[in-house]
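Notes follow once the structure below has been shown.
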Amino acid sequence: SQKIEQNSEALNIQEGKTATLTCNYTNYSPAYLQWYRQDPGRGPVFLLLIRENEKEKRKERLKVTFDTTLKQSLFHITASQPADSATYLCALPGGSYIPTFGRGTSLIVHP
Amino acid sequence: DTGVSQDPRHKITKRGQNVTFRCDPISEHNRLYWYRQTLGQGPEFLTYFQNEAQLEKSRLLSNRFSAERPKGSFSTLEIQRTEQGDSAMYLCASSLGTDGQPQHFGDGTRLSIL
């Protein structure tokens with residue numbers, strides 16, 4: 001069955017460092033992958049979409065890579081700030097292109 | 001863009017009671033989704049509408065759950081005879097109907113069953 005894996009352990013980093021979050025998947029051949037941010041008590045907010053023919057995509061301090069051979073996406077936040085602390089979810093299209101979400105990884109940026 | 005709104009934000013009820021949640025999507029979005037999310041997990045798909053047609057329901061959706069989207073605008077999700085296991089955050093999202101379009105989420109209704 002299709003499976004999305006994100007590290008369930010929180011990632012703790014110091015302000016100014018680069019945060020790297022991982023999304024691994026199995027039994028998928030996705031045409032694209034999405035990343036969302038979720039703050040406590042709020043709904044997820046879309047950040048980036050990367051397509052299978054794109055190796056890398058950037059938006060301001062965010063960078064996403066997509067390796068369809070490794071079946072992995074990496075999500076980077078450079079020059080991290082305490083305001084970047086949140087849970088980051090990856091999502092892959094399932095049947096009818098309905099997104100299937102990973103469990104998310106919590107990022108905590110310490111001042 | 002007024003965003004997706006959900007009402008109520010919180011609902012506390014006794015086991016066995018019926019509850020109904022409302023979602024108002026972004027007006028030009030023809031797709032509307034309902035998800036359930038529990039602590040430490042990602043959103044779990046329940047059902048979705050394309051305009052007023054309910055096109056897919058998760059196998060996880062028991063027959064105590066029903067959703068409607070009359071006239072293709074707002075949607076309601078009803079849970080009958082609530083159980084302890086129904087306690088969760090219920091999220092609504094909307095999107096344009098084409099592949100890869102981002103989902104816009106509301107802030108959810110948190111349901112607590114006493």
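The values are calculated or read from the model by the stated rules, or taken from the named source; none is laboratory data. Since the structure is predicted, the reported quantities are computational estimates derived from the model, not experimental observations. Here the Cβ is made from the backbone with ideal geometry for all residues, glycine too, and neighbour counts use every protein chain on show. Side chains are part of the model used for accessible areas, which takes the heavy atoms of the whole protein and leaves out ligands, DNA and RNA. Shrake-Rupley method; radii C 1.70, N 1.55, O 1.52, S 1.80 Å.
Some notes on this structure:
- Per-residue ³J(HN,Hα) for the range B:48-61, Karplus 6.51 cos²θ - 1.76 cosθ + 1.60, θ = phi - 60°, Hz, x for Gly and Pro: 8, 10, 10, 6, 8, 8, 7, 9, 8, 10, 5, 5, 6, 7
- Our coupling estimate for the range A:41-55, obtained by passing each phi through the Karplus curve with A = 6.51, B = -1.76, C = 1.60 and θ = phi - 60°, is x, 10, x, x, 10, 5, 10, 8, 10, 10, 8, 5, 8, 10, 7 Hz, Gly and Pro reported as x.
- Backbone HN-Hα couplings from phi across the range B:104-114 [Karplus 6.51/-1.76/1.60, Hz, Gly and Pro as x]: 10, 9, x, 8, x, 10, 8, 9, 10, 9, 7
- Complex-versus-alone comparison for the range A:39-64, residues with a loss of 10 Å² or more in accessible area, probe 1.4 Å: A:41, A:42, A:43, A:44, A:46, A:49, A:51
- Label-point separation, residue B:114 to residue A:58 (7 Å along Cα→Cβ), nm: 5.5 nm
- Residue of A:37, A:61, A:51 that the Gaussian network model of chain A assigns the largest fluctuation, springs spanning Cα pairs under 10 Å: A:61
- About the Cα centre, charge dipole magnitude for the protein assembly as shown (Lys/Arg +1, Asp/Glu -1 at Cβ), debye: 360 debye
- Of the residues A:40, A:82, A:93, the one that moves most in a GNM of chain A with alpha-carbon contacts below 10 Å is A:40.
- C-alpha center-to-center spacing [the range B:6-35, the range A:30-67] in angstrom: 26 Å
- Solvent-accessible area, 1.4 Å probe, carbon plus sulfur percent, for chain B: 45 percent
- Summed over both chains, the contact between A and B buries some 1600 Å² of accessible surface at a probe radius of 1.4 Å.
- Long-range amide H partners of residue B:44 with built H, under 5 Å: B:36, B:37
- Ranked order, A:76, A:110 - accessible area, probe 1.4 Å, largest first: A:110, A:76
- Nonlocal amide H pairs with residue A:47, under 5 Å, H built at 1.01 Å: A:35, A:36, A:37
- For chain B: span of alpha carbons on each principal axis (Å, largest first): 39, 24, 23
- Compared with its chain on its own, the range A:95-111 contains the following residues whose accessible area drops by 20 Å² or more in the full protein assembly (probe 1.4 Å; ligands, DNA and RNA excluded): A:96, A:97, A:98, A:99, A:101, A:103.
- Mean accessible surface per residue for the range A:9-111, computed with a 1.4 Å probe while every protein chain stays in place, in Å²: 48 Å²
- Theoretical FRET efficiency, 1/(1+(r/R0)^6), r = Cβ-Cβ of residue A:42 and residue B:96, R0 25 Å, to 0.05: 0.70
- Estimated at 0.36 nm per residue, the fully extended path between residue B:28 and residue B:56 surpasses their Cα-Cα distance by 8.0 nm.
- On the basis of the beta-carbon distance and an R0 of 45 Å, residue B:81 and residue A:78 show a calculated FRET efficiency of 0.35.
- Relative contact order %, chain B, counting alpha carbon pairs below 8 Å whose residues are six or more apart: 37 percent
- Qualifying chymotrypsin sites (Phe, Trp or Tyr not before Pro) for the range B:59-114 [loop in DSSP, other Cβ within 10 Å: at most 16]: B:74
- Close Lys-Lys pairs in the protein assembly as shown, where close means Cα under 15 Å and separation is 8 or more or interchain: 4
- Relative contact order computed over chain A (Cα-Cα under 8 Å; 6+ residues apart), in percent: 36 percent
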